[in-house]
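Values quoted throughout were computed directly from the atomic coordinates according to the rules given, and no laboratory measurement underlies them. Since the structure is predicted, the reported quantities are computational estimates derived from the model, not experimental observations. Virtual Cβ from ideal backbone geometry, glycine too; neighbours counted across all protein chains shown.
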Amino acid sequence: MRKVCLMTCSALTDVVGSVARRAVYLVVEELRPECTVLGCLPATNAGVKEDMDYIRDYPTIAVEGCNRRCVSVVMQKKGYRPVLIFDVGEYLARGGIQPEPGEIKELGSVGKEAARLVAQKVAGLVDTLVKEEQ
Amino acid sequence: MPKPNPEKQRVALMPCGGIGQVISTVIRRASILAWEEASDRILLVNSPAAAAGDEDEIQNLHEHPVLAVDGCLERCGAKLLDEIGVKDYRVLFAPETLAKRRLSLSGVSRSTLGEKGRKIADVFKGEIFLILLEVGKRVKE
């Protein structure tokens, strides 16, 4: 089975970054471990071989935190594009989900639930891509 | 004599923004803790946003002394600073701190850290403050 690469926003000062990080961990470690790899944004920017191989060899979902679209921009710098973009900030806003800013360093119940919901959505996108590859 | 501008004396702290290794979660927590305790002395810089060309983040890196915390041998933080032409920076290289303090991350989860991971993050927060003191002295000189 071909894999899907997930690369996420890792914002430090916005709780959306914490939600996005936890969500991709859930997908890669629990929901779809057999068909996902975790791409590292700073490592991709630094041209680290493993991460460059991921975005070259696998379709990549950019899990973005906001409209700065850091994942997509860094991928484009390296000559690649994500096949799908999932905007965590937009998704949370649409659902009226508001983790507390104080949850940045450690998510509380709202942030964890937000991450679970995001993870399920992203896992669904992974399934779609895997089916297309077959 | 002009008064020193406290804003300019803040240090731009740019932690590893990685995701694959436990150490990046430890560094992330340590940096947020340090920033929460000393936001008058620390500006927190998002390395992924700087890598993506965010003008505010890049300006902060050029206008303040920088402390990058690199998590692994790839040294992505230092490479990014070189890429954008930042000259005035120090690097806290996490594997060296782990070795020096005889700390092990075995059994620590990258998604939740747990008590052991949080304690190690506290050690890194202390290391960050030690370097901030040195950088602060230099800025005053």
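Some notes on this structure:
- Each Cα pair under 8 Å and six or more residues apart adds its sequence gap; the mean of these over the residue count of the range A:1-106 is a relative contact order of 34 percent.
- The base-10 log of I(q)/I(0) for chain B, evaluated at q = 0.20 Å⁻¹, reads -1.20 [Debye formula, identical scatterers on Cα atoms, solvent excluded].
- An oblate overall shape is assigned to the range A:60-134, the ratio a/c of its alpha-carbon gyration tensor axes (a ≥ b ≥ c) being 1.5 or greater and a/b not exceeding b/c.
- Spin-label pair A:Arg2/B:Leu130, simplified geometry with 7 Å Cα→Cβ offset, distance in nm: 4.9
- Computed over chain B with a Gaussian network model linking Cα atoms closer than 10 Å, the most mobile of B:Val45, B:Val91, B:Val66 is B:Val91.
- Within chain B, longest stretch free of exposed trypsin sites (Lys or Arg not before Pro) [DSSP loop, at most 15 other beta carbons within 10 Å]: B:1-86
- Length available on full extension from A:Glu106 to A:Thr13: 0.36 nm per residue minus the Cα-Cα distance, which gives 32.3 nm.
- Spin-label zone in the range B:80-118 - amide nitrogen under 20 Å from a point set 7 Å from the Cα of B:Gln9 along the C-beta vector: B:88-90
- Relative to the longest principal axis of the Cα atoms of chain B, helix B:22-37 runs at roughly 40 degrees.
- With each label modelled as a point 7 angstrom along the Cα→C-beta vector, the B:Gln59-B:Lys100 pair spans 3.4 nm.
- Computed over chain B, the per-residue total of -39500 (n - 2.57) for DSSP H runs of n ≥ 4 gives a 222 nm mean residue ellipticity of -16500 deg cm²/dmol, rounded to 500.
- GNM top mover of A:Asp57, A:Asp14, A:Asp87 - chain A, alpha-carbon springs below 10 Å: A:Asp57
- Overall form of the range A:1-77 per C-alpha gyration tensor (a/c, 1.5; a/b vs b/c): oblate
- Within the listed set B:Leu103, B:Leu13, B:Leu43, the Gaussian network model of chain B (springs between alpha-carbon atoms below 10 Å) gives the highest mean-square fluctuation for B:Leu103.
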